[in-house]
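Have a look at the structure below, then the notes.
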Amino acid sequence: MQTLSHPVVIGGGPVGLVLALSLQQSSVPVTVLEAQAPGAMYGDGRALALSYGTRQVLEQLGVWPMLEVAVTAIETIHVSQQKGFGRTVLKAHEHALPALGYVVSYGALMQALDARIERSSMGINIQYQSPVTGLDVHATAADIQYLRADGSLQQLSTPLAVIADGGRSLDEIPGLVRETKHYGHDALVGLVQTEQPHHNIAYERFTPRGPMALLPNGKQFSLVWTGEQSYIDEIAALDDAAFLQALHTAFGDRVGKFLHIGKRFKFPLKLSKLDRTFAAHCVVIGNAAQTMHPVAGQGFNVGIRDAVALAKNVASTEAGEWGAAHRLTEYHASRQRDTGRGLQFTDFLVNVFSNDLVGVGLLRGAGLGALSMLPMARRFLVNKMSYGS
Ligand SMILES: Cc1cc2nc3c(=O)[nH]c(=O)nc-3n(C[C@H](O)[C@H](O)[C@H](O)COP(=O)(O)OP(=O)(O)OC[C@H]3O[C@@H](n4cnc5c(N)ncnc54)[C@H](O)[C@@H]3O)c2cc1C
């Protein structure tokens, strides 16, 4: 067993790498164990809407200059409801913001983070193709088992294991209880070309089947189309012409005809959260700590705030106290409000607007017209997309 005296991050996805860079800025050495090979995620077609606060963090870490060429600013957000009269428009200048957010593909974000680390990797040791297979926590340290590319099983001990695996593999974390709600919905994503240019407008549309979004991305739109798994399977199997027609029917005429759809990707959607985000010498951040529906584009924006808060907590802790329960309790408490609100509000939006999930009758009974929710959605979106407050 190798004994390390610094933190180990399990998962070199966007949140794990932001944490590694934030620790580097505070001169805290870090080891990152990543399951996949370098560049494996560059083809991930999901588009992420980054908030202005996320941009500021990426600027401070020196990542933004590498990303700037790949991002598209959102200057207007148009929220509407299929088969309803609700509609609201948010404009950046009305809120004295340079933009309401920035769209970038997950792959481009990973490339920019990798490029930044390549430029200066001092203090960051990334081991690729090293999936973690087990974690034991005890009073003095966390013990991690992982596989090397050659198939050998390795073990190391650290004062602080940070789980940032996106909730993809380490489902059982010793001492922590996870609550998961499967929506039974999938998201289909892909790049679409439309007759009319996007003019930096992002469209969020609530349909009875589930929310859908068109995010301006380069010269095209990134489509996020959510709905019941069987429905998403159905539209995913359509040929391009039939798919574009179905999209037009669901989306309406706002951007003219849909001309071309690129490769389509599917993601299962769920809400998942932990009762507590830490155990002895172990803390959980990013999607591993909270997974939310992408309806309001919040997952990564919340995750990056986890990473920044944890880096501050670690940097202000004596090395001998890394992983100590009282310090991790402070970290956990500092993140409760932000993550709780993100989870609650995205879940609420999905339930209220997608009336096939709760039943229209139930909604009416509760007096919750989707239309009356629009001002709330508006306030939430502006707050979250600006500074995430
Ligand atoms: C369709 C869709 C649209 C979205 N849109 C937005 C949006 O607009 N805005 C937004 O902010 N968020 C959005 N999200 C959410 C966003 O993608 C996530 O919040 C973000 O990717 C979380 O980053 P992460 O690093 O925590 O996890 P991941 O991105 O899941 O990365 C986890 C990393 O850990 C590695 N790993 C897994 N298991 C192990 C292991 N055992 N050992 C070592 N490494 C391991 C993986 O290989 C991966 O590199 C969207 C999500 C979806 C599905």
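Quick notes on this one:
- Checked against (1) in contact with a Gly (Cβ under 9 Å, 6 or more places away or on another chain); (2) surrounded by 24 or more Cβ atoms within 10 Å (Cβ to Cβ); (3) among the β-branched types (Val, Ile, Thr), ILE261 meets all criteria but (2).
Conditions tested, residue by residue: (1) within 19 Å of GLY286 (Cβ to Cβ); (2) within 15 Å of the ligand (Cβ to nearest atom); (3) in contact with an Asp or Glu (Cβ under 8 Å, 6 or more places away or on another chain).
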position	(1), (2), (3)
LEU156	no, yes, yes
LEU160	yes, no, no
LEU170	yes, yes, no
LEU176	yes, no, yes
HIS182	no, yes, no
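- Near pairs, Cβ below 7 angstrom, 6+ apart or cross-chain, from the range 222-244 (free of Cβ contacts under 8 Å to residues at least 24 places away in the same chain) to any residue that is small (Gly, Ala, Ser): LEU238/ALA246
- Given (1) within 10 Å of the ligand (Cβ to nearest atom); (2) open to solvent by 20 Å² or more (accessible area, probe 1.4 Å), number of the condition ASP114 does not satisfy: (1)
- The single condition among (1) away from the ligand (no atom under 11 Å from the Cβ); (2) outside any strand (DSSP E or B); (3) at pLDDT below 95 that GLY45 does not meet is (1).
- Residue check for LEU147: away from the ligand (no atom under 12 Å from the Cβ), more than 28 Å from GLN25 (Cα to Cα) and open to solvent by 10 Å² or more (accessible area, probe 1.4 Å): no
- Scan of the range 284-322 for residues that are of a type outside the set (A, V, I, L, M, F, W, C), assigned to a helix (DSSP H, G or I) and within 16 Å of the ligand (Cβ to nearest atom), ordered by number: GLY286, ASN287, PRO294, GLY299, ASN301, GLY303, ARG305, ASP306
- Members of the range 231-249 that are in contact with a strand residue (DSSP E or B) (Cβ under 6 Å, 6 or more places away or on another chain) and more than 21 Å from LYS219 (Cα to Cα): ILE232, ALA236
- Only one of the listed residues (SER334, SER272, SER316) is surrounded by fewer than 19 Cβ atoms within 10 Å (Cβ to Cβ), in contact (Cβ under 8 Å) with a residue 60 or more places away in the chain and not aromatic (Phe, Trp, Tyr). That residue is SER272.
- Cβ pairs under 6 Å, 6+ apart, first in the range 131-155 and farther than 19 Å from ASP165 by Cα, second away from the ligand (no atom under 14 Å from the Cβ): ALA141/SER157; ALA141/PRO159; ALA141/HIS281
The values are calculated or read from the model by the stated rules, or taken from the named source; none is laboratory data. What you see is a predicted model; the values in this text were computed from it and never measured. Using ideal geometry, Cβ is built from the backbone for each residue, glycine included, and neighbour counts are taken over all protein chains shown. Remember, those area values only see protein heavy atoms, side chains included, never the ligands or the DNA or RNA. Shrake-Rupley method; radii C 1.70, N 1.55, O 1.52, S 1.80 Å.
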